[in-house]
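Visitor: Here it is: the structure, laid out below.
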Amino acid sequence: MRRKLDGLLFPRSVAVVGASATPGKVGHALFTNVLSFPGPVYAVNPKYRELLGRPCVPSISELPEPVDLAVIVIPAEAVTDALRQCGEKGIKNVVVISAGFKECGVEGAKREQELVRVAEEYDLNVLGPNVLGLISTKVGLNATFAPRGALPGQIAFLSQSGAFCTSVLDWAWKEKLGFSHFVSLGNKAVLNECDFLLAFAEDPETRVIVAYLEGIQDGPRFMAIAREVTREKPIVVLKAGRAEAGARAVSSHTGTMAGSDHAYDAAFRQCGVIRARTVEELFDFAYVLSRQPLPKGRRIGIVTNAGGAGVMAADAAEWEGLTVARLRDETLQALAQKVPEEAAIYNPVDVVGHATLEQYQAALELVLADPGVDLGVALSAPHPILRFVDLARVASQAQQRSGKPVAVSFMAGELGEEAEEILRRAGIPSFFDPARAVRALATLAKYAEIRQRPVFNLQELPGKRERVQKILAEARHKGRVRLGLEAADLLASYGIPFARGGVAKTAEEAKRIAQEINGPVAVKILSPELTHKTEVGGVRLGVPPEEVDRVAWELLTNVKGRFPEAIIDGVYVQEMLPPGREVILGMVRDPTFGPLLMFGLGGIYVEVLRDVAFAVAPLSRAEAEELVELIRGKKLLYGARGQPPVYVSGLVDLIVRVGQFAVENPDILELDLNPILCYPERVVAVDVRLTVAEEGT
């Protein structure tokens, strides 16, 4: 459901429920901040008739008008009744500052459930509970109890942590960083990050959306919204809690290597969200994205008067996936005429320490004017000839003339207020560390590519979900939650290629299947309790059809003798395939985003090399192609050392089908196809392991 949040983010009138005249109380700090709002402001508190010069009424029902926004800061046990009064008064937007809900245990969780029920009954937009509040600079609203408000700007900020909000506000004043909106999410009982992404996407005052999140409530909805929003506005997220909390017992290769953080990484990549690793990165990225133009490519020009800084910037460019631009001959010739004779004119351009301001300026403008340069970084160290204020002016003018993004690193403790103001007016980020400047520019290149990515378009593929569910129900009825090769028919229902074969209960059945295959076969013991069949003598390879009955009987007898308590379901007789390049494709169900696919080099190498990549299903064909490209060993698939390339198109199709299979059958918890043999003309899975939920969905 798309919520209309205009009354929350752009209210025309506000009431503070629990406003206080006592300094030091949250109700006093909150009401004092709200008093700066230019529209009608009311206090609600039965103790007063007037509060800090504004009218005060004893209850919400006695407000002279149904205000656009009510901000509640009263004891938790009274909040639900206050919400009901808001609903009856026709007030649709509420911020619940009060704590004492699910963050406080069982009783608090019950209170929060009742809060949600009342909000649903009256169709209320409720932010919180347990929040710092919100700020909307366009309408002059500071509905928080923070010591300082926010400067106007073009960054919309969301945070699950109220304490982090106050820290950011304090830091932002020092850095003179402004916000369009500043929202503390709290417990997210009703409104969550998805609701605000939609609202900020439509706000013309917001250029960048930034969030500190500890978790996402509805992963698929978040991805669907973010896919659309990031085509118009960047989203930068600092996701806390990278440790693999909440892990459960797993039996598959995929399950042992996947974790919640892999799911977040994959989901953010697929929907165009830029992930920051630190608070520093969060606001570096936000600033540069809100103030600098997007580049046409990844080619960077570097100008410096300190050789070491240029080397550091060139190293950082490689780390961040940028290319140190090759300057045109015309540019090199012009540089040679403009800079000192000792200067290095090949990118990075080092004008050397005794270059004048005019020489530095000429170099920077020539480099930025080169058609082979998409973005530029200007570097300097403290120098008696060049003043930082002059360098700031040069960088600002060069950026304006070129129209290309620029960052600077002057590597000084203090630039001076005038230099900082010049850079700030130009929107040019300034850093001490050259690598940090390059990283900020790389974010611009990354977002420029995000805007150009293909539209998410799912391929319509046939699948027989009813047949799969019937087979799974039969397995559950028998108490089987882990299936092996007997699950091959499930894959066939979705057109997933699997080596020909069949289940045999007796030696005679095994021989019949082998004769139908008409060639050497593999004979594998079928048991849900024997995971590594080769290690227990449960596999025979290259068996001629005429010997299959004898081999099957021997396998059944020997394994049963060694493991008398094990459940033996028979053997699986499967066509023998020639060696191919082996990959693995697996799935584990993530609690936030759903089916998380893992792809990589397979066979015995999967746990040794761990060359794997992850993606959230369902996948478009373009996303499946990207998944193949993400592994380091991709060259083995495209042909290496004279080997022909494998059938990558077929591999991509298989990945898409497995993603659809996982989405449409949510009671499949884990899946491994390992190995999948890849040939120039086809790809085919050879083995499967699958875990089913004990209860169907």
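The values are calculated or read from the model by the stated rules, or taken from the named source; none is laboratory data. Just so it is clear, the structure is predicted and the values come from calculations on it, not from any experiment. Backbone-built Cβ (ideal geometry, glycine too); neighbour counts: all protein chains shown.
Visitor: Among Ser61, Ser20, which is surrounded by fewer than 18 Cβ atoms within 10 Å (Cβ to Cβ) and of a type in the set (Ser, Thr, Tyr)?
Guide: Numbers: Ser20 fails: surrounded by fewer than 18 Cβ atoms within 10 Å (Cβ to Cβ).
Checking each option against the conditions leaves just Ser61.
Visitor: Could I ask something else about it? Could you list, in sequence order, the residues of segment 369-419 that are of a type in the set (S, T, N, Q), assigned to a helix (DSSP H, G or I) and within 34 Å of the chain's Cα centre (by Cα)? Full working, then the answer.
Guide: Start the filter on segment 369-419 by keeping residues that are of a type in the set (S, T, N, Q), which leaves 380, 396-397, 399-400, 402, 409.
Keeping just the survivors that are assigned to a helix (DSSP H, G or I) gives 396-397, 399-400, 402.
Scanning segment 369-419 gives Ser396, Gln399, Gln400, Ser402.
Visitor: For the subset of segment 84-106 comprising residues that are farther than 21 Å from Gly162 by Cβ and free of Cβ contacts under 8 Å to residues at least 40 places away in the same chain, which member is surrounded by the most Cβ atoms within 10 Å (Cβ to Cβ)? Before the answer, list the steps.
Guide: So the first thing to find is which residues in segment 84-106 are farther than 21 Å from Gly162 by Cβ, and the list is 84-92, 106.
This time we only want the ones that are free of Cβ contacts under 8 Å to residues at least 40 places away in the same chain, so: 84-90, 106.
Numbers: Arg84: 17, Gln85: 20, Cys86: 28, Gly87: 18, Glu88: 12, Lys89: 19, Gly90: 11, Val106: 8.
Only one residue tops the list, namely Cys86.
Visitor: On the given criteria, is Arg451 closer than 30 Å to Ala622 by Cα, surrounded by 15 or more Cβ atoms within 10 Å (Cβ to Cβ) and of a type in the set (D, E, K, R)?
Guide: Working: closer than 30 Å to Ala622 by Cα: yes; surrounded by 15 or more Cβ atoms within 10 Å (Cβ to Cβ): no; of a type in the set (D, E, K, R): yes.
Spelling it out, it is not the case that Arg451 is closer than 30 Å to Ala622 by Cα, surrounded by 15 or more Cβ atoms within 10 Å (Cβ to Cβ) and of a type in the set (D, E, K, R).
Visitor: Right, here's the next one. Could you list all residues from segment 296-308 that are crowded, with 24+ Cβ neighbours inside 10 Å and assigned to a loop (DSSP other than H, G, I, E, B)?
Guide: Here is the first cut: in segment 296-308, the ones crowded, with 24+ Cβ neighbours inside 10 Å are 300-305.
Answer for segment 296-308, where residues must be crowded, with 24+ Cβ neighbours inside 10 Å and assigned to a loop (DSSP other than H, G, I, E, B): just Asn305.
Rundown of residues vs (1) of a type in the set (Asp, Glu); (2) under 30 Å from Ile428 (Cβ atoms), yes/no style:
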site: Leu115; (1), (2): no, no
site: Asp123; (1), (2): yes, no
site: Val131; (1), (2): no, no
site: Ala146; (1), (2): no, yes
site: Ser180; (1), (2): no, yes
site: Ser184; (1), (2): no, no
site: Val190; (1), (2): no, no
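Visitor: Filter segment 201-240 down to the residues that are surrounded by 18 or more Cβ atoms within 10 Å (Cβ to Cβ) and among the basic types (Lys, Arg), then identify the one that is farthest from the chain's Cα centre (by Cα).
Guide: By that ranking, first place goes to Arg207.
Visitor: Also, I was wondering about something else. Taking the options Glu670, Glu629, name whichever one is surrounded by 19 or more Cβ atoms within 10 Å (Cβ to Cβ) and over 18 Å from Asn457 (Cα atoms). Quick ask: steps written out before the conclusion?
Guide: Values: Glu629 fails: surrounded by 19 or more Cβ atoms within 10 Å (Cβ to Cβ).
Only one candidate qualifies: Glu670.
Visitor: Condition check: more than 25 Å from the chain's Cα centre (by Cα) and either among the polar types (S, T, N, Q) or under 15 Å from Leu585 (Cα atoms) (or both). Does Gly659 satisfy that? Full working, then the answer.
Guide: On the way: more than 25 Å from the chain's Cα centre (by Cα): no; either among the polar types (S, T, N, Q) or under 15 Å from Leu585 (Cα atoms) (or both): yes.
So Gly659 does not fit the description; no.
Visitor: Something else about it: Which residue pairs have Cβ atoms closer than 6 Å, lie 6 or more positions apart in sequence or on different chains, and pair a first residue in segment 562-578 that is over 23 Å from Gly479 (Cα atoms) with a second residue that is surrounded by fewer than 15 Cβ atoms within 10 Å (Cβ to Cβ)?
Guide: Met576/Gly542
Visitor: Looking only at strands (runs of 3 or more DSSP E) that lie completely in segment 1-88, which have at least 2 residues being over 36 Å from the mean Cα position of the chain (by Cα)?
Guide: On the way: elements: 14-17, 41-44, 54-57, 69-72.
The qualifying strands (runs of 3 or more DSSP E) are 14-17, 41-44, 54-57.
Visitor: If you don't mind, another one. Looking at Ala156, Ala143, which is the one that is in contact with a Phe, Trp or Tyr (Cβ under 6 Å, 6 or more places away or on another chain) and assigned to a strand (DSSP E or B)?
Guide: Details: Ala143 fails: in contact with a Phe, Trp or Tyr (Cβ under 6 Å, 6 or more places away or on another chain).
Exactly one of Ala156, Ala143 is in contact with a Phe, Trp or Tyr (Cβ under 6 Å, 6 or more places away or on another chain) and assigned to a strand (DSSP E or B), namely Ala156.
To keep it simple, each residue is scored yes or no on (1) closer than 20 Å to Ile97 by Cα; (2) touching a Leu at 6+ places or on another chain (Cβ under 9 Å); (3) surrounded by fewer than 22 Cβ atoms within 10 Å (Cβ to Cβ).
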| site | (1), (2), (3) |
| --- | --- |
| Ile135 | yes, yes, no |
| Thr144 | yes, yes, no |
| Ala150 | yes, yes, no |
| Lys176 | no, yes, yes |
| Phe179 | no, yes, no |
| Leu198 | no, yes, yes |
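Visitor: Among the residues of segment 624-664, which ones are of a type outside the set (S, T, N, Q) and outside any helix (DSSP H, G or I)? Quick ask: steps written out before the conclusion?
Guide: Step one: filter segment 624-664 for residues of a type outside the set (S, T, N, Q), giving 624-642, 644-648, 650-659, 661-664.
Ile631, Gly639, Ala640, Arg641, Gly642, Pro644, Pro645, Val646, Tyr647, listed by residue number.
Visitor: Return a yes/no flag: does segment 333-346 have any residue that is touching a helix residue (DSSP H, G or I) at 6+ places or on another chain (Cβ under 8 Å) and touching a residue at least 40 places away in the same chain (Cβ under 8 Å).
Guide: Looking for residues that are touching a helix residue (DSSP H, G or I) at 6+ places or on another chain (Cβ under 8 Å) and touching a residue at least 40 places away in the same chain (Cβ under 8 Å), one finds none in segment 333-346, hence no.
Visitor: If you don't mind, another one. Have a look at Ala378, Ala369, Ala362 and point out the one that is at pLDDT 95 or above and in contact with a Lys or Arg (Cβ under 6 Å, 6 or more places away or on another chain). Before the answer, list the steps.
Guide: Numbers: Ala378 fails: in contact with a Lys or Arg (Cβ under 6 Å, 6 or more places away or on another chain); Ala369 fails: in contact with a Lys or Arg (Cβ under 6 Å, 6 or more places away or on another chain).
One residue alone meets the criteria, Ala362.
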